[in-house]
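Shown next, in structure tokens, is the structure this report addresses.
The values are calculated or read from the model by the stated rules, or taken from the named source; none is laboratory data. These numbers were taken from a predicted model, which means no experiment stands behind them. Positions of Cβ are generated from backbone atoms using ideal geometry, with glycine treated the same way; all protein chains shown enter the neighbour counts.
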There are 2 protein chains.
Amino acid sequence: MEHYIPRPVLAHIEDSQDAYAKKLIDFLKIPSISTLPAYSGDVRRAAEWLLKEAERLGFKGALYETPGHPVMYAGLCPYKDAPTLLVYGHYDVQPPDPVDQWCTPPFTPVIRDGNIFARGATDDKGQLLTFFNAIESILAMEGKPPLNIKIVMEGEEEIGSPNFMSFASGHRELLNADVAALSDGSKYRDDMPMICYGLRGLLYMQIDVYGPSHDVHSGLYGGAVANPAMALSWILGGLKDARGKVLIPGFYDSVHDIEPWEREEMAGLPFDEEAEKARLGVDALVPEEGYTVLESTRARPTLDINGIWGGFQGEGSKTIIPAQAGAKVSMRLVPDQDPGEIARLFERYVMSLAPCGVKVKVSTISSTGALIVPRDSVAIKAAERAIEEGFGRRPVFMRDGGSIGAVIALKAVGIDDILMLGWGDPGDQLHSPNEHFSLENFRRGTIAAASLIYGLAGIK
Amino acid sequence: MEHYIPRPVLAHIEDSQDAYAKKLIDFLKIPSISTLPAYSGDVRRAAEWLLKEAERLGFKGALYETPGHPVMYAGLCPYKDAPTLLVYGHYDVQPPDPVDQWCTPPFTPVIRDGNIFARGATDDKGQLLTFFNAIESILAMEGKPPLNIKIVMEGEEEIGSPNFMSFASGHRELLNADVAALSDGSKYRDDMPMICYGLRGLLYMQIDVYGPSHDVHSGLYGGAVANPAMALSWILGGLKDARGKVLIPGFYDSVHDIEPWEREEMAGLPFDEEAEKARLGVDALVPEEGYTVLESTRARPTLDINGIWGGFQGEGSKTIIPAQAGAKVSMRLVPDQDPGEIARLFERYVMSLAPCGVKVKVSTISSTGALIVPRDSVAIKAAERAIEEGFGRRPVFMRDGGSIGAVIALKAVGIDDILMLGWGDPGDQLHSPNEHFSLENFRRGTIAAASLIYGLAGIK
């Protein structure tokens, strides 16, 4: 196997594992929970921690204020003609609850059996630090990087990156780069590293249904006053059928069916349906008719109710026709589905399902397009070899069913080659109690990151 | 007009209005919300308050324990051969939510524009106290009642009287009476007092739908994991159609259609649809196809969703497939529909609507049959005249769309003549924010109650 990384850099990485782990432990102690206002000071502290790290390595940077949490940017760009790599990551974390299900406290990092346990260990603090580690070892041995490096770290990824798009479009020059890279996901299987080349989009809507101006007695009015919860059920029940097909007219019009080569490639990947069912606690998986589970969750659009409410939710009984009912409904979109157009189709269809006697309001809460990145770029080739150098195995390619607003923002500022990597294992429990990241993946990810930096140096 | 009430008693009632209002305010301060376990101490406190009141008047009584809230019974039965009147009422109230829609706090009674505002003002604390007031004035002026009086007050009417039936059947001797009377409803119109001769039954069910064992990421699993909120929407949406017909197979099998004379009588009552729509804040009323609004709400069975929940209900977005969703669904039944049989039909049908990939649980929360009482009894004649004495106008007859489990229990212990009266106005907002009861109805109701006591004294 060809090596990108100079031997002394590789040796420095290996020798620095204890120091790098200590640094990660220090970082993980900061409870940077972006969704809870009480922690906003800690979120800022995490941004400052990262800025200090970058400055220690010789980067120049600053925190950029947003209406929410700050964006940390730092650059080390000594060359005029060399390629520029933009490293993206996020320093915010999910809330740790249910806290009582953690074996050790979520913000007291502990190493057990080769894993470091803490909220944010794999998502994304441990993974983003692999790039800092790689840069530190490169600079320690060679004094300068082989290409220009920019680092942008946001503090609102876990709440849907509400401010990153406008930050990015307001700082196009700052973020300008040939390639962007992020490691904020996981391998396909512990022993199968993966490059993600596609994301689904997300269109998140709210439906509010209004009936009588106040809750009214179902004995006195039941039978003659339209019930908003019933109207909502008719509307929601009409959005999708039991075959998994979304019933909004026009929803599939711009959807390209999955290519035969892509279906074949997905079919070639191992997928243990029984294990998945056991892990989810369900009797059956229900993919869209005509598609496999992997196709349905990664490359097909779908619709889900994320929340529903109305009327009496307590114990026992309350005999009312509720004044109001509502639901959060989100759609995962695939490339060529325009979120704005789908939002219009959604609203028109919901209105057409509304029965007499109620008022219906439809609002868009957030909207992110889908994305496919080119698979045949030189950047992807470099990433494949970097992963092989770090993890000893060439990656598989897969699309992800989720949506990463920041990636869409990077695409929108003009970066076409976006490397969506993931050094974690699928069982790392991200967003769940006992989140962890293996020290082995931390080490291998650092090698892969260093390898990628050298590999990308030659692409221009 | 013939007077039943001796002049001194009438004068005492008129002179005691301030004192009676103060007593009501005192009673309304107790938040006796029967459905919320946190308030069970307050519910008991309301029972004790009533018992103390009855004992102060010379009654002998006690609280009778049940598996739920206690029943308060007190009797003043000095005669061997006189008729016995049983007064029924309930001292529990509905939850006050949504609390933020109250102009003044629900358990801080306030008099505004001749109305007393508080949860329970009209349903049923203000109305039941009219009998206490009447008895107090009678005893103050005459030293003894004109007939035997028994008072039974329960604390679980608002949760469907789950224990009153077994209490009643276990205390037949205690409750034995010639006539039962209750005032727990409203006039037909502010200026049209009413005697209710029929009630709908109530079957209150809960549907719980279970999906994955924990909330899962809708990006990772959307498209292949069955969504409990969607399953619930399909189930609920299938229970009733837009014409107002309940779709449960067999639901209408034992329903007798409304008699032509009864349809004619109802058609003869004034009904201002525009005013009703304005009061409810709706654009349209939606009676069952083939029936008027009055028929649909008073003499036809129907089905309503009283509450619905699942997943994320906060502001903004959370991208999950919820682990669980549920709903409260209740049906109003008419005579000859057996609640137990309808519960079986409901459960069977709900299960048939459940899609693959979720588990569905159906539970009965409460169940009460429907009732029609004789309209030509001497007790009814006495009630007609008492209402004329209190309210200055003879009552109309009407069936009520609501359900009073206790009435069914009284019927079951052998009391055929049950006088279902109602001193409230239709706009009293019972079960809604800003519930109130007018002091004028409180006064007139007290006179009518006293008149009824004297009128019934001669029926044996």
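Scanning region B:146-202 for residues that are more than 18 Å from the chain's Cα centre (by Cα) and among the aromatic types (Phe, Trp, Tyr) turns up just one, B:Phe167. Candidates in region A:270-308 are the residues that are more than 22 Å from the chain's Cα centre (by Cα) and over 18 Å from B:Asn227 (Cβ atoms); of these, the one that is farthest from the other protein chains (Cβ to nearest Cβ) is A:Pro270.
Yes or no: B:Met205 out of contact with any Leu (no Cβ under 7 Å at 6 or more places or on another chain), surrounded by fewer than 24 Cβ atoms within 10 Å (Cβ to Cβ), more than 30 Å from A:Glu288 (Cα to Cα) and at the interface with another protein chain (Cβ under 10 Å from one of its Cβ atoms)? Criteria met by B:Met205. Filtering A:Ile380, A:Ile408, A:Ile342, A:Ile387 for residues that are crowded, with 16+ Cβ neighbours inside 10 Å and closer than 18 Å to A:Met165 by Cβ leaves a single hit, A:Ile408. Within region B:369-408, the set of residues being part of a loop (DSSP other than H, G, I, E, B) and acidic (Asp, Glu) comprises just one member, B:Asp376. Scanning region B:437-453 for residues that are surrounded by fewer than 24 Cβ atoms within 10 Å (Cβ to Cβ) and assigned to a strand (DSSP E or B) turns up just one, B:Ser438. Taken together, the criteria place B:Val87 among residues that are surrounded by 16 or more Cβ atoms within 10 Å (Cβ to Cβ), touching a strand residue (DSSP E or B) at 6+ places or on another chain (Cβ under 8 Å) and part of a strand (DSSP E or B). Residues in region B:309-325 that are in contact (Cβ under 8 Å) with a residue 24 or more places away in the chain and more than 8 Å from chain A (Cβ to nearest Cβ) were compared, and the one that is farthest from A:Pro322 (Cα to Cα) is B:Ala323. Give the residues of region B:236-252 that are aliphatic (A, V, I, L, M) and more than 7 Å from chain A (Cβ to nearest Cβ), sorted by residue number. Passing the criteria: B:Leu239, B:Val246, B:Leu247, B:Ile248. The residues listed here are A:Arg112, A:Arg7, A:Arg44; of these, the one that is farther than 20 Å from A:Glu435 by Cα and surrounded by fewer than 16 Cβ atoms within 10 Å (Cβ to Cβ) is A:Arg7. Scan region A:35-54 and tell me whether some residue there is touching a helix residue (DSSP H, G or I) at 6+ places or on another chain (Cβ under 8 Å) and not in a helix (DSSP H, G or I). Yes - at least one qualifying residue is present in region A:35-54. Working only within region B:341-364, note down all residues that are in a helix (DSSP H, G or I) and either within 14 Å of another protein chain (Cβ to nearest Cβ) or touching a strand residue (DSSP E or B) at 6+ places or on another chain (Cβ under 7 Å) (or both). Hits for region B:341-364 are B:Ile342, B:Ala343, B:Phe346, B:Glu347, B:Val350, B:Met351, B:Ser352, B:Leu353. Within region B:90-134, the set of residues being in a loop (DSSP other than H, G, I, E, B) and either under 19 Å from B:Ala448 (Cβ atoms) or under 14 Å from the mean Cα position of the chain (by Cα) (or both) comprises B:Tyr91, B:Asp92, B:Gln94, B:Pro95, B:Gly114, B:Arg119, B:Gly120. Within region A:1-33, the only residue that satisfies the criterion of being at pLDDT below 95 and of a type in the set (Ser, Thr, Tyr) is A:Tyr4. Residues of region A:136-147 that are out of contact with any Leu (no Cβ under 7 Å at 6 or more places or on another chain) and surrounded by fewer than 24 Cβ atoms within 10 Å (Cβ to Cβ): A:Ala140, A:Met141, A:Glu142, A:Gly143, A:Lys144, A:Pro146.
Pairing residues of region A:430-459 that are more than 28 Å from A:Val99 (Cα to Cα) with residues that are outside any helix (DSSP H, G or I) and of a type in the set (Asp, Glu), at Cβ distances under 8 Å and at least 6 apart in sequence or on separate chains, gives A:Leu456/A:Asp178; A:Ile459/A:Asp178. Counted as qualifying within region B:135-199 are the strands (runs of 3 or more DSSP E) with 2 or more residues that are within 14 Å of chain A (Cβ to nearest Cβ), namely B:194-199.
Checking each residue of region A:80-101 against the condition of being assigned by TED's automatic domain parsing to the domain that holds A:Ala383, farther than 25 Å from A:Ile387 by Cα, at pLDDT below 95 and touching a Lys or Arg at 6+ places or on another chain (Cβ under 6 Å) gives at least one match. Output yes when any residue across region A:366-374 is touching a Cys at 6+ places or on another chain (Cβ under 6 Å), crowded, with 18+ Cβ neighbours inside 10 Å and modelled with pLDDT under 95, and no when none is. There is no residue in region A:366-374 that is touching a Cys at 6+ places or on another chain (Cβ under 6 Å), crowded, with 18+ Cβ neighbours inside 10 Å and modelled with pLDDT under 95.
The single condition from (1) modelled with pLDDT of 95 or more; (2) out of contact with any strand residue (DSSP E or B) (no Cβ under 7 Å at 6 or more places or on another chain); (3) not hydroxyl-bearing (Ser, Thr, Tyr) that A:Ile159 fails is (1). Criterion first (surrounded by fewer than 23 Cβ atoms within 10 Å (Cβ to Cβ), polar (S, T, N, Q) and not assigned by TED's automatic domain parsing to the domain that holds B:Lys381) does B:Ser213 satisfy it? Criteria met by B:Ser213.
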